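First the structure, in the form of structure tokens, and then the observations on it.
The values are calculated or read from the model by the stated rules, or taken from the named source; none is laboratory data. Keep in mind that this is a model prediction, so the values were computed, not measured. A quick note on method: Cβ atoms are made from the backbone with ideal geometry, for glycine too, and the neighbour counts reach across all protein chains shown.
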Amino acid sequence: MAYKPELDIDISLVEAILDRIEQARQVSSSPEVADAHQGRVSSSPQVADARRVGGAAGGKVSGDDLIPILQEIQEAYGYLPRPVLDRVSERTGIPASRMYGVITFYDQFYLEPHGKHNVRCCRGTACHVSGGKKVINSVKSALGIEDGETTGDMLFSMETVTCLGACALSPVMVVDNTYHGRMSARRAEQVLQQLKVEEG
Amino acid sequence: MADKKINSITDLQQLSQTLLDKQKEYKIRVLICMTGCRALGAKDISTKFKQSLKEQKLDNQVIVIETGCIGICAKAPTILIEPFDFLYGSVTPDDVDEIIETTIKNSKPVEKLAVSQNGEKTANINEVEFYKKQKKIVLEKCGRIDPTKIEDAIATGGYLTAVEMLNGKKPQDIIDEMTASGLRGRGGAGFPAGVKWNFCRQAQGDEKYLICNADEGDPGAFMDRAILEGDPHKVIEGMIIAAYAIGATQGFIYVRAEYPIAVEHINIALDQARQLGLLGENIAGSDFNFDIEVRMGAGAFVCGEETALIASLEGQRGMPRPRPPFPAHKGYLDKPTNINNVETLANVPLIIKNGAKWYSDIGTEKSKGTKIFALAGKVNNTGLVEVPMGTTLRQIIFDIGGGVSDGRNFKAAQIGGPSGGCIPAEFLDHEIDYDSVEQLGAIMGSGGLIVTDDRTCMVDLARYFLEFVQSESCGKCTPCRVGTKKMLEILNNICDGNAKPGDLNELEELANTIKKASLCGLGQTAPNPVLSTLRHFRDEYTAHVEQHKCPAGICKELTTFVISAEKCKACGKCIDVCPTEAITGEKKTPHVIIQEKCVTCGACRDVCPFDAVDTE
């Protein structure tokens, strides 16, 4: 992948995430967190972080926590921008190569920015036998993009997912966090048309 | 509000009683499914109910409860009204006032919302065929309680069994009870749970881990999602018992990120259990410490395999490793680790509470207890079904499931997802358990059961699964990485009309090699969908290869649609729906497909009410 400098990335978001984690690492050597590791309950968010970040690894930030950290960063940025990953590598010592290995293995990490609206079409078995492919094709043609792509105006991304677990309502499409059950090619088109109108 | 820490079993019993009394202050409970049914507008119904009850000053007698899955998803959105046990389906907010008037004020059923079966409307849930033949033990509370309130779980006896165990029961006795119950792992392979626990208990190690595998990746399976969404406390209670039995102090729930409601509910449940002292240090005043952390998957099917799951928990690419050493000896962070599936853990409190004898009386000789199936595909009553092991497919699909949808003919039941296979009509009366399913070339898997009809192409279905495992293969071992790719190539050729003689033999040979040589369960079972369809539906493969025809009319290159002049009533529906304007015809004259324009999408066939569109 060619390196594209991304100028408008707000690096402070990741700094804040890492600050919080590092702070938690310091807290994690305190008696309070030592207790927390043994299961004592505490409502302190720092302790909760320390438990989450270092719980099993003896209070140190390590590669063990890479996936939850990446998930948090993606939550903040919408995807995993390269400058942000470089910063994580610098501050944690986790090699960028190791991070990229993990990121490219899992379907739900994105290295490219995503559209404002995320359209996910299920290609699970129940959806497949109930005509899910027709819904997928109709979404692709309505948005003019393929699986995993984003529209030029950055309004829509579409992806297919293995199973959303709503098989009894197949075929299923999820737009942002709204589930649409018993879809047909035509209804899928209508849902997207509605959104396009709302976006002007 | 229950906020005082529980320090003894008496505390818990008292709290349970107080909460139960409090529940009785409400004469009527309106239970609204807020999980799957949310996709079809359940939230609006709930809002309308609360508003109308308040306006009519009934909100001190009637409580609206947002529940987990009630089961019969086909009738979504569904609501259930206690104490009458009236079940209403396909409810809209406009129906709410009538329900309040008829049922809440006058205790009578609203006939038009009752579920209909064999042409008759039945309002009482206990008389609906879909529920009558089920045995709900794991799903007993699912759809009957508010999963976001620990009070509901405790009022119905939740955590009592676990707390009893922590107060004096020997861990080895619990394990022996589990082994005697005959519970087999519900994740798919069916290994005896008690034996697995014992391995971990016996393993040397200062720290041990317990993992709940909620990475329900099989497309077509959603029972674990339903349990976590509808009764998360049952899973937590099962985990406490399991952790105590094997000697673990830290637990994980590894859950798919595709299940946002399950993630939300389990996190709420964990917080509530911690606040009450049911998780953490000195659980309920005992000297046992245990806590649970939720980890979300990042979209990799192979992470359902236990060694891949552990790699993922450790922040690695989710790739499996050879076993032995088994996780019981060398698991998470190389420490002894026990991994059980959600449904397995949800069975634990029931077995310990009621005893191994009670449990082993349910089911068949070698498969005990019940099994939850996710019934979907071409069946009338799609939904969540819990039946004793040994129930026949006919009972599940026809008695409970109400038969094949649109009045079409049953072709096969696909069981076990991408690791499973298709069971044809001739075996509808076989009793279903771990061993019988395997003899038929499928596997129990996690319990996805997809019904197919005469318009499902079995070659296309096999290709679908191959496509799936091919894209999910982690790439570590060659048989799976390269072998599934070659199999998929052959299947694509068959479906596209480019098959060569000998392709079927090559497919079989490859399949058997991949089965034997792959590293993990994903590869070892990847050929099953192909092998089972070759075994039971070889004719369909030969039709594709030799006659270049797809009998089901699914494979586009091998299909020509024609309209039967005798059956066509010239209604024009197909003309409206055709995306390429390939159908011509006037009123009262049978319609005709212009083959040059037809893209064989099948939209006309789907929409035709007279079954007039056929394959040539």
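Annotations for the structure displayed:
- Of all residues assigned to region B:470-478, at least one qualifies as being surrounded by 19 or more Cβ atoms within 10 Å (Cβ to Cβ), charged (D, E, K, R) and closer than 20 Å to A:HIS128 by Cα.
- Qualifying residue in region B:475-498 (condition: among the acidic types (Asp, Glu) and within 13 Å of chain A (Cβ to nearest Cβ)): no
- Check on A:VAL129, modelled with pLDDT under 90 and within 11 Å of chain B (Cβ to nearest Cβ): yes
- In the condition set (1) assigned by TED's automatic domain parsing to the domain that holds B:ARG29; (2) at pLDDT 95 or above, B:LEU139 is compliant with all but (1).
- Counted as qualifying within region A:134-200 are the strands (runs of 3 or more DSSP E) with 2 or more residues that are in contact with a His (Cβ under 7 Å, 6 or more places away or on another chain), namely A:156-161, A:173-175.
- Qualifying residue in region B:496-508 (condition: surrounded by fewer than 18 Cβ atoms within 10 Å (Cβ to Cβ), touching a residue at least 24 places away in the same chain (Cβ under 8 Å) and touching a His at 6+ places or on another chain (Cβ under 6 Å)): yes
- B:THR122 passes every criterion in (1) loosely packed, with under 15 Cβ neighbours inside 10 Å; (2) modelled with pLDDT under 95 apart from (1).
- In region B:380-410, the residue that is farthest from B:LYS133 (Cα to Cα) out of those that are surrounded by fewer than 23 Cβ atoms within 10 Å (Cβ to Cβ) and polar (S, T, N, Q) is B:ASN409.
- Which listed residue, of B:LEU270, B:LEU345, is modelled with pLDDT of 95 or more, assigned to a helix (DSSP H, G or I) and away from chain A (no Cβ under 11 Å): B:LEU345
- Of the helices (runs of 4 or more DSSP H) lying entirely inside region B:533-607, the ones with 1 or more residues being of a type in the set (Asp, Glu) and surrounded by fewer than 14 Cβ atoms within 10 Å (Cβ to Cβ) are found at B:538-545, B:573-577.
- Scan of region B:279-307 for residues that are assigned to a loop (DSSP other than H, G, I, E, B), more than 7 Å from chain A (Cβ to nearest Cβ) and of a type in the set (Asp, Glu), ordered by number: B:ASP287, B:GLU305
- Filter pass, B:ILE240 being within 13 Å of chain A (Cβ to nearest Cβ), buried (at least 24 other Cβ atoms within 10 Å of the Cβ), modelled with pLDDT of 95 or more and closer than 16 Å to B:THR337 by Cα: yes
- Of the candidates B:TYR359, B:TYR332, the single residue that is closer than 25 Å to B:TYR244 by Cβ, within 14 Å of another protein chain (Cβ to nearest Cβ) and aromatic (Phe, Trp, Tyr) is B:TYR332.
- The requirement of being under 27 Å from the mean Cα position of the chain (by Cα) and charged (D, E, K, R) is satisfied by B:ASP291.
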